[in-house]
């Protein structure tokens, strides 16, 4: 990843918006900017980027790793000791970033800890503070060629882990055991991190964010919603499995969700609002009489984070543009019975969306 180019993009965005610096706490904005993020805990960390340079304020316990990871990123690492506090390091970092001891107007991470943001403001005393998403949202919204390459790698890892999950299904195993098999597959495939491995059997599949537990798999439907971080970028996909012979009602509901998934993909055209993707998918489910059982948005942006702007939902009128990456994931959830969701990540190109998964959207029937 060209970290210097990312920092240059941030500087140009700051200048265009009239801000002297952006102060990013540990997390995906920092990872986007420099390809690395320190741990997020009770000790204060901020990456401060301005026209003159970039500096990472980091507690001494994490300084060695930060210097190693950022050796070629054009970032000065400034560490602080527990008994001294971060005040001097913050002031030095401001000078590195802006060339001035006066903070002016600055941006601070939307998800910074309140106590850390307050300490930052007390030390730097900026004239004005606004949220970092003012510049970071637009920068991260459009993926460049390298980011799309990384998304493809991550999606390929998810394809491998999903196949491993299908192969692992056995009658009598628990949801947790199936989830663990998928986690192992991610690790063995080379993922940076196995992010989530939702295995939901039967009534559990009617819970969109089900937590795998002790339910034992028998005949019936299983929802597998999985994702990892691969090559620094996220993946997210959902497929259905069925142990035994699928019954007519499951096949009916699955077909409706499949048609909704395809309608969402067809609606994803350059210049169309994000809400159009949701509207197209939702219309199919509503026409089939299952509207009340589609209980979430149709999709979300994806990149360094699994969930980031934009949203495929009513009210998000962001025009689709080349380089945007997002999920398309309609679902029908019948409480106490079962649920069906089909999810793919799409990347917008001038001629339409590219679906990153190469797995069929049809249910995988397993003997168990």
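So here's what we get for this one:
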{"read-out": "Rounded to 5, percent antiparallel among DSSP beta bridges of the chain", "value": "75 percent"}
{"read-out": "Order of 318, 102 under a 10 Å beta carbon neighbour criterion, fewest first", "value": "102, 318"}
{"read-out": "Sites residue 349 and residue 170, calculated FRET efficiency, Cβ-Cβ separation with R0 51 Å, nearest 0.05", "value": "0.80"}
{"read-out": "Span from the the range 190-219 Cα centroid across to the the range 229-281 one, whole angstrom", "value": "18 Å"}
{"read-out": "Relative contact order computed over the range 221-298 (Cα-Cα under 8 Å; 6+ residues apart), in percent", "value": "20 percent"}
{"read-out": "R0 of 56 Å, Cβ-Cβ distance residue 207-residue 102: FRET efficiency to nearest 0.05", "value": "0.60"}
{"read-out": "Most to least packed among 157-163, 70-76, 147-153 [average Cβ atoms within 10 Å]", "value": "157-163, 147-153, 70-76"}
{"read-out": "Kirkwood Rh (inverse of mean 1/r, distinct Cα pairs), the range 195-262, angstrom", "value": "13.1 Å"}
{"read-out": "Percent RCO, i.e. relative contact order, over the range 98-191, from Cα pairs under 8 Å lying at least 6 residues apart", "value": "24 percent"}
{"read-out": "Nearest-ten-degree value, helix 87-98 long axis tilted from longest Cα axis of the chain", "value": "90 degrees"}
{"read-out": "At 0.692 mPa s and 37 °C, Stokes D of the chain from Kirkwood alpha-carbon radius, µm² per second", "value": "150 µm²/s"}
{"read-out": "Ranked packing of 136-144, 179-187, most packed first, by mean Cβ within 10 Å", "value": "179-187, 136-144"}
{"read-out": "Sites residue 72 and residue 163, calculated FRET efficiency, Cβ-Cβ separation with R0 41 Å, nearest 0.05", "value": "0.65"}
{"read-out": "Highest to lowest packing among 261-267, 355-361, scored as the average C-beta count within 10 Å", "value": "261-267, 355-361"}
{"read-out": "Nearest 10 degrees, 0 to 90: helix 145-168 Cα axis against the chain principal axis", "value": "40 degrees"}
{"read-out": "Computed P(r) (all Cα pairs; the range 3-140; 10 Å bins; percent)", "value": "13, 51, 33, 2"}
{"read-out": "Angle between the chain longest axis and helix 114-124 axis [Cα atoms, degrees, rounded to 10]", "value": "20 degrees"}
{"read-out": "Label-reachable residues, the range 115-156, where backbone N falls under 18 Å from a point 7 Å from residue 41's Cα toward its Cβ", "value": "115-116"}
{"read-out": "Computed [θ] at 222 nm, deg cm²/dmol, the chain (DSSP H ≥ 4; -39,500 (n - 2.57); rounded to nearest 500)", "value": "-11500 deg cm²/dmol"}
{"read-out": "Residue exposure sequence - 311, 100, 214 - by fewest surrounding Cβ within 10 Å", "value": "214, 100, 311"}
{"read-out": "Alpha carbon centroid spacing (whole Å) that separates the range 122-179 from the range 341-366", "value": "16 Å"}
{"read-out": "Residue 252 versus residue 362: modelled label distance in nm, points set 7 Å from Cα along the beta carbon direction", "value": "2.1 nm"}
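We did not get these values from a lab; they are worked out from the coordinates using the rules stated. Here the structure is a predicted model, which means the values were calculated and not measured. FYI the Cβ positions are ideal-geometry reconstructions off the backbone, even for glycines, and counts take in every protein chain you see.
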